[in-house]
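Chemist: I am attaching a structure below and will ask some questions about it afterwards.
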Amino acid sequence: MICPYGQAFAPQLQLKYRSHEVILADTGKENFEAVASKHIECLIVGGGISGSALAHNLNRAGVDIMLAEARDYLGGNVKSHKTEDGFIWEEGPNSFATQPSIVRIAYELGIDDQLVFANEAFPPWVNHNGKLHPLPKGQGGKGAQGQFELVFGPNGVMKFALASELLSWPGRIRAGVGAFLGHQPPPDGEEETIREWVTRILGEEVFLRCIDPFVSGVYAGNPETLSMKAALPKISRIEDISYSLGWNKFGAIFYGGLARQIELTKERKADPPDATWPEFEYGNPGSFKEGLSTLPKAIAAELKDKINLEWRITKITKATNGGYIATFDTPEGVQIIQTRSIVSTVPAHSLANVLQPVMPESKSIFEKVRSEIARIGVYHPPVAAVTVAYPKASFKDVELPNGFGNLQDLPGFGSLNPRTEG
């Protein structure tokens, strides 16, 4: 089995195959072949945010690691820029959904004082028919208060259902029926796409105007082909919780969501974050004062010579006396590393030829024709990130609904643009 954070490795080879990574692990024997220029316990291939964070965690747990990255910096698509006049912009993602893991790592690296979080009372907005419409959100309250705000607050679910102009009255009624009364059960033996799941429960308008722009932005994928259970498992699970309520015969989703919120509150009270960490709200968008690159830069400063940049892996073979041998092209020429375990966080398709000596079936996996999305192998959608900056005065001088004030004050965290808006 794969054991992160320095736990005992299993004595057999196993493989976890996901859309974005392949993991190999083997304790094997502790004797290494003399051909390798370096012998380590765990080799991490890929220094993006996943590989960097894993390297930090394993290093702190006392595991002898090496992190190899093909580019000349850590962070992968996380890359922050600062103009001469102090304007910070992101080349890749512009925030993270705050969880204890990232606050913990920031604290361990001594950069927790650089954390910044979005105002919890401000919502994301949706552009529709030339206007911005707020999506339901609480006002930053904790526990039961936050749940009450989400439902009955000035920008809560009830206000959205009764007064929002984002959905038509037929669309609101359809969503209300699915949320508060019930909906059709899931199809037997079929895996629903995001569009199928949302449409079945809340209707077509909710999908087109609320869910589609969110999913397209987060996953850069097509919600008509993305699996609901794979892409949004926590939301999908709410339906199961809804049906588990004995009196909720038709699976009205609102009550399952409320039950899950109560469950989460209890779980978090039972296992609270370390009191020395900065205060945060689960899921709230966050970043660092100097941009997201603050995190991988701090990890690079911590790991120092355990990082090898501009190292491109070309082959992985099984060592005759246990473990693996990894071959790299580097600025200093070919380098060979022997390791007891390998973790890869690079795009799966870049490993097709690398893995063949230890995983002969990799070629067929990476070249498999996926007729359901007309793609070959593991599909990585192309993404273009365009950053455009405007002075606040260039925004319309208009008042926003639900008491959020003037648009020029930018009271929110971004806007979503449905495909139906063109």
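The values are calculated or read from the model by the stated rules, or taken from the named source; none is laboratory data. Computed from a prediction, not measured in an experiment: that's the story for all the values here. Cβ placement follows ideal geometry from the backbone for every residue including glycine, while neighbour counts extend to all protein chains displayed. Surface areas here come from the heavy atoms of the whole protein model, side chains and all, with no ligands, DNA or RNA. Shrake-Rupley method; radii C 1.70, N 1.55, O 1.52, S 1.80 Å.
Chemist: Skipping prolines and chain starts, which residues have an amide H placed within reach, meaning under 5 Å, of the one on G322, given they are 5 or more residues away or on another chain?
Modeler: Hits under the 5 Å cutoff: K29.
Chemist: Another question, if that's okay. Beyond a 27 Å Cα-Cα separation, which of these cross-linked pairs lie in this structure: K82/K304; K79/K368; K137/K266?
Modeler: In this structure, K79/K368 lie more than 27 Å apart at Cα.
Chemist: Distance in nm between label sites at T276 and K82, each 7 Å beyond Cα in the beta-carbon direction?
Modeler: My value for the distance between the label points is 2.7 nm.
Chemist: Show me the ranking of peptides 224-235, 37-48, 343-354 by mean Cβ neighbours inside 10 Å, starting with the highest.
Modeler: 37-48, 343-354, 224-235
Chemist: With axes computed from alpha carbons, what is the tilt in degrees of helix 49-60 against the longest principal axis of the chain, rounded to the nearest 10 within 0 to 90?
Modeler: Long axis of 49-60 versus the principal axis of the chain: about 60 degrees.
Chemist: Still on this structure: Suppose every Lys and Arg Cβ carries +1 and every Asp and Glu Cβ carries -1, with no other charges. What dipole size does the stretch 118-189 come out with about its Cα centre, to the nearest 20 debye?
Modeler: Dipole of the stretch 118-189, to the nearest 20 debye: 140 debye.
Chemist: With charges only on Cβ, +1 for K and R and -1 for D and E, what is the dipole size of the chain about its Cα centre, in debye, rounded to 20?
Modeler: Using only the charged Cβ atoms, the result is roughly 600 debye.
Chemist: For A230 and T314, calculate 0.36 nm times their separation in residues minus their Cα-Cα distance, and state this gained length in nm to one decimal.
Modeler: Roughly 27.2 nm would be gained on extension.
Chemist: Tally up the carbon and sulfur contribution to the accessible surface of the stretch 280-347 as a whole percent, 1.4 Å probe, everything protein left in place.
Modeler: 51
Chemist: Taking N as the number of residues in the stretch 45-173, what value does Rg over Cα atoms divided by 2.2 N^0.38 Å take?
Modeler: 1.47
Chemist: Hey, can you find the accessible area per residue of the chain for me, probe 1.4 Å, expressed in square angstrom?
Modeler: On a per-residue basis, the chain sits at 53 Å².
Chemist: Where a Cα-Cα gap under 18 Å defines reach, which aspartates and glutamates qualify for K234, not counting those fewer than 8 residues away within the same chain?
Modeler: Excluding near neighbours in sequence, the set is E191, E192, E196, D212, E263, E267, E281.
Chemist: Still on this structure, please answer the following. Would you mind calculating the gained length between Y73 and Q356 on full extension (0.36 nm times residue separation, minus the Cα-Cα distance), in nm to one decimal?
Modeler: Taking Y73 through Q356 to full extension adds about 99.1 nm, to one decimal.
Chemist: Would you list which lysines come within 20 Å of K396, measuring only between C-alpha atoms, while excluding same-chain residues fewer than 8 positions from it?
Modeler: Straight-line reach from K396, under 20 Å: K131.
Chemist: Calculated FRET efficiency, R419 and R237, Cβ-Cβ r, R0 25 Å, to nearest 0.05?
Modeler: Efficiency, from the Cβ-Cβ distance: 0.40.
Chemist: So, by mean Cβ neighbours within 10 angstrom, what's the order for 291-299, 315-323, 328-336 with the highest one leading?
Modeler: Going by the mean number of other Cβ atoms within 10 Å, highest first, we get 291-299, 315-323, 328-336.
Chemist: Tell me the Kirkwood radius of the stretch 149-251: reciprocal of the mean inverse pair distance over distinct alpha-carbon atoms, in Å.
Modeler: Kirkwood radius, the stretch 149-251: 14.5 Å.
Chemist: With the Cα gyration tensor of the stretch 287-422 giving a ≥ b ≥ c as the square roots of its eigenvalues, does the rule (a/c under 1.5 for rounded; else a/b larger than b/c for prolate; else oblate) give rounded, prolate or oblate?
Modeler: oblate
Chemist: Gaussian network model of the chain, Cα springs within a sub-10 Å range: biggest mean-square fluctuation belongs to which of G189, G75, G138?
Modeler: Comparing G189, G75, G138 in the GNM, the peak value goes to G189.
Chemist: Can you bin the stretch 225-375 into rounded, prolate or oblate? Criterion: square roots of the alpha carbon gyration tensor eigenvalues sorted a ≥ b ≥ c, rounded for a/c under 1.5, prolate for a/b above b/c, oblate for the rest.
Modeler: Verdict is oblate for the stretch 225-375.
Chemist: Another question, if that's okay. Under 19 Å from the 7 Å Cα→Cβ point of E91, by amide nitrogen: which residues of the stretch 289-327?
Modeler: Output list for this probe position: 289-301, 308-312.
Chemist: With the full set of protein chains in place, find how many percent of the accessible area of the stretch 69-172 is carbon and sulfur; take the probe as 1.4 Å.
Modeler: It is 56 percent, rounded to a whole number.
Chemist: Ok, one more. Given all pairs of different Cα atoms, what value in angstroms does the Kirkwood hydrodynamic radius of the chain take?
Modeler: About 24.3 Å, per the Kirkwood formula over Cα pairs.
Chemist: Quick check: pseudo-label points 7 Å beyond the Cα along Cα→Cβ at D409 and V218, how many nm apart are they?
Modeler: Label-label distance for D409 and V218, simple model: 2.9 nm.
Chemist: Additional query: Which residue fluctuates most in the GNM of the chain (Cα springs below 10 Å): V157, V126, V386?
Modeler: Looking only at V157, V126, V386, the biggest GNM fluctuation is shown by V386.
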